Every structure is written in C-alpha cells, then in structure tokens.
1. Tell me, please, whether a residue that is touching a Ser or Thr at 6+ places or on another chain (Cβ under 9 Å) and without any contact (Cβ under 8 Å) to a residue 12 or more places away in the chain can be found in segment A:275-282.
2. Can you tell me which residue in segment A:428-453 is nearest to A:ILE324 (Cα to Cα), limited to those that are among the hydrophobic types (A, V, I, L, M, F, W, C) and either assigned to a loop (DSSP other than H, G, I, E, B) or touching a Cys at 6+ places or on another chain (Cβ under 6 Å) (or both)?
3. Could you check, for segment B:339-348, whether at least one of its residues is at pLDDT below 85, at the interface with chain A (Cβ under 8 Å from one of its Cβ atoms) and surrounded by 22 or more Cβ atoms within 10 Å (Cβ to Cβ)?
4. Evaluate the following for B:VAL307: is it surrounded by 13 or more Cβ atoms within 10 Å (Cβ to Cβ), part of a loop (DSSP other than H, G, I, E, B) and among the β-branched types (Val, Ile, Thr)?
5. Hey, can you tell me all the residues within segment B:105-116 that are within 7 Å of chain A (Cβ to nearest Cβ), touching a Leu at 6+ places or on another chain (Cβ under 8 Å) and in a helix (DSSP H, G or I)?
6. So, restricting to helices (runs of 4 or more DSSP H) that lie completely within segment A:99-206, which ones have at least 1 residues that are at pLDDT 80 or above and within 12 Å of chain B (Cβ to nearest Cβ)?
7. Could you list, in sequence order, the residues of segment A:329-346 that are more than 19 Å from A:TYR34 (Cα to Cα), part of a helix (DSSP H, G or I) and among the polar types (S, T, N, Q)?
8. One residue is enough: does segment B:15-27 have a residue meeting the conditions under 30 Å from A:ALA133 (Cα atoms) and within 14 Å of chain A (Cβ to nearest Cβ)?
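The values are calculated or read from the model by the stated rules, or taken from the named source; none is laboratory data. Because the structure is a prediction, the values reported are computed rather than measured. Because the Cβ atoms are built from the backbone with ideal geometry, glycine has one as well, and the counts that use them run over all protein chains shown.
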Amino acid sequence: MDSSEAGSQSSKKIPDWLNSEWLLAIALAAPITYLYISALFLNPDVVAKGSFLIGTLATIMVFFVGALSLDLEVGSMGLPNFGKVAFFAIGAYISTLLYSVYEIDFFVSIIIALLISGLVGFLVAIPTVKLRADYFAIMTIAGGEVIRMIFQNEKKWMWYPVLDGPPTQVISNRFKLEMTQSSPFNERLGEFLFYQKRQDFFDDWGLGFVYDSLWDLTKAMTFETVFVWEMTLLIVFTVVAVLTYWFVQQIRKSPYGRTLRAIREDDITVTSVGKDVSRFRWQVTTIAAFICGFAGVMYGLLFSAFEASDFRPLLTFNLYIFIIIGGLGNSRGAFAGTTLATMFMHATQVERVKENFTLHLGPDSDVLGPFFEFAQLDVFINPDNLKLVILGVILILFLLFKPAGLIPEPKTDNEKYMSLLTQEQRSSSDAAVRARQSLTEKERIEAESEGAL
Amino acid sequence: MTLLNVNLLQHVTLALIYAAMLIMLTIGLNMVYSVLKFSNFAHAEYVTLGMFMSWWSLQIFTNALPSDNSHFINNLLLQAMFAFVVVGLFGILGEILVYDRLRFIRASPRSFTVASIGIGLIARNFLAMVFGSLPAPNKSICADCTSLSSLPGWLPKVLRKDIYHIKIIPREISDMLGFELIGQDIFITGFELYIILMSIIMVFTVDYIFRHTKFGIAMRATSDSLELAQVSGVNTKRVIFYTWFLAAGLTGFGAAFVRANQPRFSNFDGYYMLLPIFAVVILGGVGSFRGGIVAAFILAYARQFTVIIFTEFQWTGDRGYITDLFKFPFESMLEDWLGFTITFSPAYADGIGFVILIIVLLVRPQGIFGSVEATRARV
C-alpha cells in the first residue's frame, strides 16, 4: 500500500496536461510532422506540393476506413482477421471492372462491389468463426490469398482488356480518365475553384514558368481538372470516413458494442448468460467486410491503376501496425495511427528526403573499408527499406512498452453499478482487478490475499 | 505415341522433393508453435536469413580461406552449419529482446503474433539493406567468388554428382509396348538429393531428441503446461531458449540446402513460403511431427498434380492423348453450367493447398493428427 500511495502522490505533482500519454504522443508525432512538413516543402513546385498533400490526406482516409473495419473485429471483438486485404481487393477490382469494362453505372457498380464484399465476408465468416483464434487467423490469411490468386489468374474476366492485344494484369480506372478529361463541366468547375486568380497566384510564388508550361499541356488532362478530381476525391473520402467513424462509434457505444467487448474479454461467460457468440461474430465480420469493401472502392478510385500483387498480406499487416500504434478498440486511435504511419511513409517517398537517408558502406569506404573487405559486404542503407525497419521497431516498442497504444481505449464508466456495492465488496472487487493486472507473482498473491479479506 | 504427355515419375519425384523441403522448413515452426503457443510469422524470415547466411559464408570463406578447389572445407555442409548457428542466435535474440518481455507483461497471444510480424518486417528489410534487395546473388564483391555452393569433397563420388539420371523403366519395355507407360527416367540434381536426405536425417534426429533425451522430455513437459513443468523442476526459461535456438537453427539449416538448389534468391523468398509452411503445420496438427510429415506430402502432391492437370487445360486441340478424352467433355460441361470458362491456370497450384487446408479444418478443426486442447483464444 505504501508504494501505491507514494506513486499517487508523485503523480499529483505532474500537471494533468503533461502526463505520459501526451508526452509519448508528442515524442512520436513531432518528428514525423517535422519530417512531413520538410518533405512537403522539398517538393519542387506548387503543383507537386499540392498533389502531395492531397494524396497523403486521401490515402489516410482510405486506410482509416480499412483500419476502422479491422479495429471493429480485432479491437472490439478480439477476432484476429488476417485476411482484410481480400476485401480491399474485392472492392477495388469489382467496382473498377464493372464500371470500366462492363460499363455499368458508377454508383451501381460501387453498390454491387460493396454487396459482393459483404457477401464474401459472410460466406467466409459462417464456417470459420467457430474455430480457435489462431486457426481463424490462418484460415483468413489463406482465404485472402486464394481470392488474390483468382484475381491474378482469371485472364478472361478479371484482367483489363486492351483494344489491340492481350488483356493486361494492371487494372486502370476509366472513371478517373473521364473526370480529368477536358470537358465543359470540368473546365467550369476548375475556373470556379482556381482559374480566376491563377496568374496572380503563380506570379506571387515566382512560378510563372510553371503556369506557362501547364497551360501548354495537352488538353486531355489539364491542371485544373486533375486538381478538381483530387480535391473532389479528398472531400468525398473525408465524408465517407467521417460517416464510417460515426457508424463504428454508434456500434461501440450501443449495448451491442458492449456485448462485443464482453466477448473479447471472456466468450464463455458471455455464452453462459445466453448470448449466441457465433452470431455476434459473423455479424461483425460481415459488417467489417462491408466497410472494408468501401475502403477497397476508395483504393481503386485513388490509385486508379493497380494489380493483384498489390493485395498481398503485407497490406493487412500494415493495417495491424496502424491500429496497434494508435490503440486497439478505439476509433480515434485508429485515426491517429493511420495518420502518423501514412505521413511517415509518404514523407520518405520524396526524392530530396530520400537523399538524406542514403548511405553507402562498402570496401571503398574510408574508415571501415578493411572490415567490409573482409566481410565481403556492400551495405546500401536506403530509405525504402529503412522506413520499414523503423516502422517495425516502432511497432515492437509499442507492443512492449505501451500495449494500449497512443490513445488507449476509454474505460467503461461502471460507477453507477459500483455504487450499489458495499465498501467491502468494492474493495475486494478492486483487489481482484489489481490481481488480474498484476505483473509479478508477488503482486498477484498480495492482491488476492487482500481481496479475500 | 504416349498415354500421357507428362513424365509422371518425374512429377512424383518433384513432389517428393517439395514435400521434403516443406518438412525441413516446418519442423522449427512446429516446435515453437507447440512450446510457446503462438503463430510465429517471423519464421518465414528464418528461411530468408538462412539462405542469405549460407550464401554470405560462402563469400567470406572463399575470400578468406586458401584455395580450396576440392571443397574439403568450404562446402555446403559448412555453410549450412553457419546458417544454423547464426539463425539460431537470431531466434534467441528475438526471445531476449521481445518475447521474454511480452511474456513478462502477460501480453495476449495476439500481441506475440503481431510482434513476430514486426520482427519479420525488420529482418526482411534489414537483409535487403545489407545484401541488396534485388535477387541475390548479384552483389559478389570479390571477383573470384562464386555463388554456387559445392558438395563436400570428402564424400564418395556417388554422393556428389551434379545431376542424377535414374532409369526406372528401361527403354526396351516402351519399345516393346509401342508407347511410354508413365515416363521412364528421373532427373534429380545433387542438391535435391541432399534436401531429401537431410529432411530424413532431421526428422529422425528431432524425433530422437524429443523421445529419448532429457531436454526433449523437458520441452514436451513445457509445451503441455508451463506451470506444471516449473513445479516439476524444469528450468523452463532455459528450455524456451533452447527451443528457439533449435527451431530457428534447423530452419536456417534447411534453407541453406533450398538456396543451393535454386539459381537465385531474394529477401522475399521466405515471405512467399510463409503460407505453405503454416498450411503444413496447421493441416498436420500443431505439435505433431507425424502430422506435419503427412500434411507436407498431401500438400506437395496436391500441388504437383494440380500443375499437371491444369497444364493440360492450357492446351487446345486434340493431341491424341488419353487426357483429351475427359478434358473436352469437362470443359464444355463447365461452359454449359456456368456460362463462362474458368481459366485453369497452373498458378492455382499454390492455392490448392489452402483450399485443402480450409476444407480439412472445417471437418477436423484440430488438424489431421492434432489433439484437442482445452485452451481458448490464441494468436
């Protein structure tokens, strides 16, 4: 007891705004933000700066929706789905192919893609949710690979037909081409948003030459139309992401979400009070598949040219990194994790930033040359691999030292139930919680003996 | 004229080699899975690391040793031993830095799995930085270094041929019959022979360790129940360390032979093997070596026969083979039923294993030889 009292006293000295979570968030976010802002300003011109920023924001929205759907399964219900990438693939492929090849109406194609995605989620869930969690993980990862193989190999109806020649594996989105083509509507929208002050804008930035070269570009895809397309995508994506956030929050706040958390903590207890655990599991898996299909549709619109090998399990692992850094079981955490990781990944894609993170160590290096000569090594430290190493290290550090993530899951407010208990019952309940959270055997035995009294 | 247009004997041999390779690479995963109770996705990186380490030791030793043209020292066995030690130490490093601490804070098994994904990410990209991300061997520094391993020079000459040509059915029989029955000869490279031999040796060694040594018994006790093993006086911490070393090391040892057999390799090779390896362990049943062997054979033969059958579907026109008799009716039947044709691509061969896995798990969730455990959530 003495040590805990001392701990509470010392924690009182620290102001509320400077507790460790804020410090951690700042320690992680500050370097990444600094890196991102410098990368933003290292882009060569205003056009590149703008599309870099818009591209990052839109990517964040896409992966935020995906991370939300994963977090609903993993964080809220504790069902480790490692096959999320399959629904990305289904959403992207079906919507793009239906619109671009089979010439179905745009919105209808999206709705069909979402329905198929939800249906596949349902079909995958029905037999698998009763399996043990580790078998479920392997089954979903294998199912995802099978779906990817179908997209990769069905040349006749999953590949992109080319007018003169065999079909290609790379699917390109006709919708983007149409929207960015020069048309009266696009031109007017572009004028409305940008045209009026364009000359002044570029002159102010000393970039008149950019303006001239842009004006001389082929009419097929003008600066305005691309800008309008990107801005529209960003706005629509943001709206979709906010709606998904709202929807997931509604699930989490409702009694349904409480049941999900109870299943995560102890599914046998939930079964014993008369809930059908399997039913909850397949329902949530289907809902999550539906949401993830939406992320896939957005993926198809944003990247507009993709192929089946983009949908390997690595994408799922990335989503796991996002939600673990941000905090499991928590929509805001999913957003924080996605934002930070995506900013980091995008910042290190800029050429001028890459130059700063490149180092060549070989037999011809000055000091360590003989060592590398003996070891027959020619090390080339490059940002493409280094950023993934750093991301892996961050992930493991979070798992070790901050398993709850940047923004921990909010504790359920049980005060109105706890106030019904007597003081003795209450202290024994506290002791039981402490025993469960104890790190060492000694703490656990102390807490348990205290609770027994 | 032939009955089939494939050399069936050769295909059966290829499947045998693939099965032997899977067995070599899955023994370690099975050990970790049964003792530590989580799916270690970093296992794929042990394969990659073993490949790179065997190649690297070839470079170092060729550079440092005096000329060793008869390959008495610098041979594949030494390289495989080097890979065994380095990869084993890497396994222990993961335990010291990550898993031990995770166990201390009583993290959920899912945290272990995600941590292993992180370790895999780090290892894969670190290797890409050190050895180059293009398919190695492409970065030999010294001019006279080779990327081709050699078999030990002290072995009898029969055991270190580059390629073995085995005639199973003599040509006279097919001449007499007027057609080839199921093919007549088999080609195996020397390294493939060693993959088969080493997998057999490894299986029997590990089986001996598990049954007849004190360490093996301690390991099985730990895998049954950590607390009970501790009560019985087993130093579980040491057992876990040895498990990591042996599991990772054996995988690296096998990976050295796999690398020697293929012309080039990259830092993604192990990652692409991840799912077949896991499919073997899960299909056979976690913790069962016998099940792992059976599952490896099932998956390997399913894969190889899928390749044979689906390659048949790539041909069009009547070629006078027996397979044409059932191929065309089947295709037209599918067209009638579905309204479109399915591309029977041989690339589906890797997916067939997963389909088998899914079907078997639905019927028998603990795997073929696995035992039902009373535990709930893992991962």
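1. Looking through segment A:275-282, none of the residues is touching a Ser or Thr at 6+ places or on another chain (Cβ under 9 Å) and without any contact (Cβ under 8 Å) to a residue 12 or more places away in the chain.
2. Filtering first and then ranking leaves A:LEU439.
3. So far as segment B:339-348 goes, no, none of its residues is at pLDDT below 85, at the interface with chain A (Cβ under 8 Å from one of its Cβ atoms) and surrounded by 22 or more Cβ atoms within 10 Å (Cβ to Cβ).
4. no
5. Answer for segment B:105-116, where residues must be within 7 Å of chain A (Cβ to nearest Cβ), touching a Leu at 6+ places or on another chain (Cβ under 8 Å) and in a helix (DSSP H, G or I): B:SER111, B:VAL114, B:ALA115.
6. Ranges flagged: A:106-128, A:133-153, A:155-158.
7. A:SER331
8. yes
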